[in-house]
Amino acid sequence: MIIKSNDAKTRKFLGVTFELLAVGEKSMVSKMLYKTENNVPYHQHPHEQSGYVISGKYRLKFGDYDEILQEGDSYSIPGNTMHTLEIIEGGEVIDFFTPPREDYL
């Protein structure tokens with residue numbers, strides 16, 4: 001599958017706007033468009049989630065981790081793990097999920 005930038009679908013989930021990019025049989029890519037008012041409460045899902053920070057500043061908590069992330073940082077959260085994200089400075093994050101999140105489609 002190839003998604004051209006003009007064809008990316010904009011969605012909202014828990015008040016956060018994101019672009020749904022490529023969706024395959026076993027994985028999904030999205031670009032989160034965070035604003036400071038978009039703090040994400042503790043939650044969990046069965047999907048493994050990995051991400052790359054394009055811009056902005058965030059505080060990510062899961063397991064034994066409590067870290068400030070900014071441009072160039074990346075992370076991976078195992079499935080079924082409680083996690084939260086505080087948006088310190090708005091920006092963009094690329095998220096990868098396996099398997100794809102049905103609630104993002």
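The values are calculated or read from the model by the stated rules, or taken from the named source; none is laboratory data. As the structure is a computational prediction, the values presented were derived from the model and not from experiment. All Cβ positions, even for glycine, are placed from backbone atoms using ideal geometry, and neighbour counts span all protein chains on display. All accessible areas refer to the heavy atoms of the entire protein, side chains included, with ligands and DNA or RNA removed. Shrake-Rupley method; radii C 1.70, N 1.55, O 1.52, S 1.80 Å.
Within the stretch 69-103, can you find the residues that are in a loop (DSSP other than H, G, I, E, B) and charged (D, E, K, R)?
If we filter the stretch 69-103 for residues that are in a loop (DSSP other than H, G, I, E, B), which is where we start, we get 71-73, 78-82, 90, 99-101.
Within the stretch 69-103, E71, D73, R101 meet the criteria.
Quick one: S76 ticks every box in (1) in contact with a Ser or Thr (Cβ under 6 Å, 6 or more places away or on another chain); (2) at pLDDT below 95 bar one, so which box is it?
(2)
Of all residues in the stretch 21-37, how many are crowded, with 17+ Cβ neighbours inside 10 Å and over 10 Å from the mean Cα position of the chain (by Cα)?
3
Report the residue count in the stretch 57-66 for those that are in contact (Cβ under 8 Å) with a residue 12 or more places away in the chain and either touching a His at 6+ places or on another chain (Cβ under 8 Å) or exposed (fewer than 13 other Cβ atoms within 10 Å of the Cβ) (or both). Walk me through how you get there before you give the answer.
Taking the stretch 57-66 first, the residues in contact (Cβ under 8 Å) with a residue 12 or more places away in the chain are 57-63.
Still in the running and either touching a His at 6+ places or on another chain (Cβ under 8 Å) or exposed (fewer than 13 other Cβ atoms within 10 Å of the Cβ) (or both): 60-63.
Total meeting the criteria: 4.
Being surrounded by 15 or more Cβ atoms within 10 Å (Cβ to Cβ) and modelled with pLDDT of 95 or more is the requirement here; does E89 meet it? Break it down into steps so the answer makes sense when it comes.
Values: surrounded by 15 or more Cβ atoms within 10 Å (Cβ to Cβ): no; modelled with pLDDT of 95 or more: yes.
So E89 fails the test.
Looking at the stretch 67-83, can you tell me whether even one residue there is on the phi > 0 side of the Ramachandran plot, surrounded by fewer than 16 Cβ atoms within 10 Å (Cβ to Cβ) and either touching a Pro at 6+ places or on another chain (Cβ under 6 Å) or among the charged types (D, E, K, R) (or both)? If you could, list the steps in order and put the result at the bottom.
Pass one, the stretch 67-83, residues on the phi > 0 side of the Ramachandran plot: 72, 80.
Narrowing further to those that are surrounded by fewer than 16 Cβ atoms within 10 Å (Cβ to Cβ): 72, 80.
Right, trim to either touching a Pro at 6+ places or on another chain (Cβ under 6 Å) or among the charged types (D, E, K, R) (or both) and you get 80.
Yes; the residues of the stretch 67-83 include at least one that is on the phi > 0 side of the Ramachandran plot, surrounded by fewer than 16 Cβ atoms within 10 Å (Cβ to Cβ) and either touching a Pro at 6+ places or on another chain (Cβ under 6 Å) or among the charged types (D, E, K, R) (or both).
Can you go through P46, P41 and tell me which one is open to solvent by 50 Å² or more (accessible area, probe 1.4 Å), in contact with a Gly (Cβ under 7 Å, 6 or more places away or on another chain) and not polar (S, T, N, Q)?
Working: P41 fails: in contact with a Gly (Cβ under 7 Å, 6 or more places away or on another chain).
The conditions single out P46.
Only one residue in I54, I3 is surrounded by fewer than 18 Cβ atoms within 10 Å (Cβ to Cβ) and closer than 21 Å to L105 by Cα, so which one is that?
Details: I54 fails: closer than 21 Å to L105 by Cα.
None of the other options fit; the residue is I3.
How many residues does the stretch 79-101 contain that are within 21 Å of L20 (Cα to Cα) and out of contact with any His (no Cβ under 9 Å at 6 or more places or on another chain)?
Matching residues across the stretch 79-101 total 9.
Condition test on P99, is it open to solvent by less than 80 Å² (accessible area, probe 1.4 Å), in contact (Cβ under 8 Å) with a residue 24 or more places away in the chain and over 23 Å from A8 (Cβ atoms)? Reasoning before the result, please.
Working: open to solvent by less than 80 Å² (accessible area, probe 1.4 Å): yes; in contact (Cβ under 8 Å) with a residue 24 or more places away in the chain: yes; over 23 Å from A8 (Cβ atoms): no.
It is false that P99 is open to solvent by less than 80 Å² (accessible area, probe 1.4 Å), in contact (Cβ under 8 Å) with a residue 24 or more places away in the chain and over 23 Å from A8 (Cβ atoms).
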